[in-house]
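The values are calculated or read from the model by the stated rules, or taken from the named source; none is laboratory data. The structure presented is a predicted model; accordingly, all values stated were derived computationally and were not measured. Here Cβ is always computed from backbone atoms with ideal geometry, including for glycine, and neighbour counts include all displayed protein chains.
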């Protein structure tokens, strides 16, 4: 019995340390956000009041928050699974564009029977996302190209390619600013606000990735290559399978994220020619993955938090006049804060010195 | 310290071939009766922020700090530059303020990386994400107008008339800076120490120089150059700010750095090639007879595809300084 309690304390510690780091980063981000509001003459207390009231104040607002969170938990997986395998896969942005255009191509331009249509559009989006991740993986394995460089380049190639496809081949006739909307048969059922059933698919994918990472041999190898490549090499694990798996899972998740904004998000059900309704979701995912401690389940909660900021930001803008994009700046600060491993020790040292 | 000579030579050959191709292309246009001088003008304008950011990044990567947050610095310093120019009623001072703002960001980034032992890729990406949100916020907070700001025409930095068209003094400065940076890195003691700080920080430490100061200095300098480029985008080129003004130039600058293998002069040449490609994309989008055949989206894609080929080793393998991207911890 005592033994069990000890173990529980240990487990609690194992969770609380990373949680406190995430919490600290979030606090730093919000404080700097408040500081920025103060500097430019806004009222930060009212700002945050409306931000959080807007995001979590009522059931329908919370559903909207969940709708914002859906793609974010997926792009977070892309980064998180990369980190687990020792990679910095920041290619979610481009892979997500490919997923979005894939969903448009199947969901909007092809007629299929109901049921099959949704599945086909989703699967095709995931496939395109995974395919777009493949060059980075192969360049890494064959030529030792750093994935940061290759994924950044692939993001921009994807941006121009998808913009081209959206304008030249899949535009809605008479409405050049967006692509053909997904046909009713290809749409996920709406649950309320702009939330659709695609969130179940997303959470399902998060859980599958969790099981794959922590309950299978492949997942174990992947994490070993990430945490201790030397040990993995001595254990005879080639980096091929783990690295490829990591990139492909990331691509699938990002592809689904793109699709979720097309066939799972009213009222547009289509992709804007500027990519405005999907842009930056991939980069936001980096912050969410970090807040969620690069854990697929942690990412779900972090995504709901950040989805709340994104949705609540609009209320903040409406009532207090603060530009809603400030929440992206807050996310940036959170990312930078979480990049600093020495932050907690430094603060502790600083406090100790202060006490003396 | 062994540098891969052959790779550098190969790179130089490729860049000369590209430049020659551009020259031939221009000659053909002239021959057909189109006016290519405008293309060179736009190319030089587009080159300037790329070159400044890329040369700065070459210096701080040589010292061992990889800053992929150039897109963010370009965006923020663009606003800072215009804000400064409006306060002091002078475009030139605006450029200076932009450079100072860039230096400050570079300095903070370096402190975070050197003393906070931050992960540089994550921190750089964080800087980019921060800027994407911070700039629209600033536009709203300072000028109370969403997403766009146009400043009085008189604040624009005036251009100089030359045989190849009207050229901004900042462009000439950028070329001079690239040459000076090359000399600085390879012909001065400080340059040697900066390179050593990225290659073998232990040796620098044993020799009695401070790795931390060197890295912070290089990063601040890199940030300042990038900031000059950011301020130039508004004050010397567009005449206004939109919230996504840099439109991926920070990443193209990164591509230039990769392309150059951290040599400032090659980075300048790469910046000209990529800048020319950008000008070409605008040109392709408007010229009748061409715009129907080649969608300009594909021209826009070219720099990134070329960079992928470069890193894949098609044009010579790139070699980072061996301690690049790693924090240095004294023992």
Problem set entry | Identity of the residue in the range A:231-266, in contact with a helix residue (DSSP H, G or I) (Cβ under 6 Å, 6 or more places away or on another chain) and free of Cβ contacts under 8 Å to residues at least 60 places away in the same chain, that ends up surrounded by the most Cβ atoms within 10 Å (Cβ to Cβ) | A:232
Problem set entry | Residue in the range A:137-149 that is surrounded by the fewest Cβ atoms within 10 Å (Cβ to Cβ), counting only those that are at the interface with another protein chain (Cβ under 9 Å from one of its Cβ atoms) and over 19 Å from the mean Cα position of the chain (by Cα) | A:142
Exercise. Within the set of pairs 6+ apart or on separate chains, which have a first residue in the range B:277-304 that is within 14 Å of chain A (Cβ to nearest Cβ) and farther than 21 Å from residue B:19 by Cβ, a second that is assigned to a loop (DSSP other than H, G, I, E, B) and at pLDDT below 80, and C-beta atoms under 6 Å apart?
Worked result: B:285/B:291
Exercise. Hey, among the residues in the range A:36-66 that are in a loop (DSSP other than H, G, I, E, B) and over 25 Å from the mean Cα position of the chain (by Cα), which one's modelled with the lowest pLDDT?
Worked result: A:41
Exercise. Do we find a residue being closer than 26 Å to residue A:179 by Cα, touching a helix residue (DSSP H, G or I) at 6+ places or on another chain (Cβ under 8 Å) and in contact (Cβ under 8 Å) with a residue 12 or more places away in the chain anywhere in the range A:299-309?
Worked result: yes
For this session: Scan the range A:314-321 and give yes if some residue there is buried (at least 24 other Cβ atoms within 10 Å of the Cβ) and without any contact (Cβ under 8 Å) to a residue 12 or more places away in the chain, otherwise no.
Result: no
Seminar exercise, completed: Taking the range A:167-213 and keeping only residues that are at positive phi and under 24 Å from the mean Cα position of the chain (by Cα), one is left with A:192, A:193
For this session: Being within 13 Å of residue B:116 (Cα to Cα) and either at the interface with chain B (Cβ under 7 Å from one of its Cβ atoms) or modelled with pLDDT under 85 (or both) is the filter here, so list the residues in the range A:308-337 that pass it.
Result: A:336
For this session: Those residues that are within 18 Å of residue B:260 (Cα to Cα), within 14 Å of another protein chain (Cβ to nearest Cβ) and not in a helix (DSSP H, G or I), I need them from the range B:39-88; list them, please.
Result: B:65, B:66, B:67, B:68
Exercise. Of all the helices (runs of 4 or more DSSP H) wholly in the range B:192-265, which have at least 2 residues that are away from chain A (no Cβ under 14 Å)?
Worked result: B:201-206, B:211-232
Exercise. Somewhere in the range B:109-125, is a residue surrounded by fewer than 19 Cβ atoms within 10 Å (Cβ to Cβ) and away from chain A (no Cβ under 14 Å)?
Worked result: no
Exercise. If you check residue A:260 against the conditions, is it assigned to a helix (DSSP H, G or I), closer than 30 Å to residue B:298 by Cα and touching a strand residue (DSSP E or B) at 6+ places or on another chain (Cβ under 9 Å)?
Worked result: yes
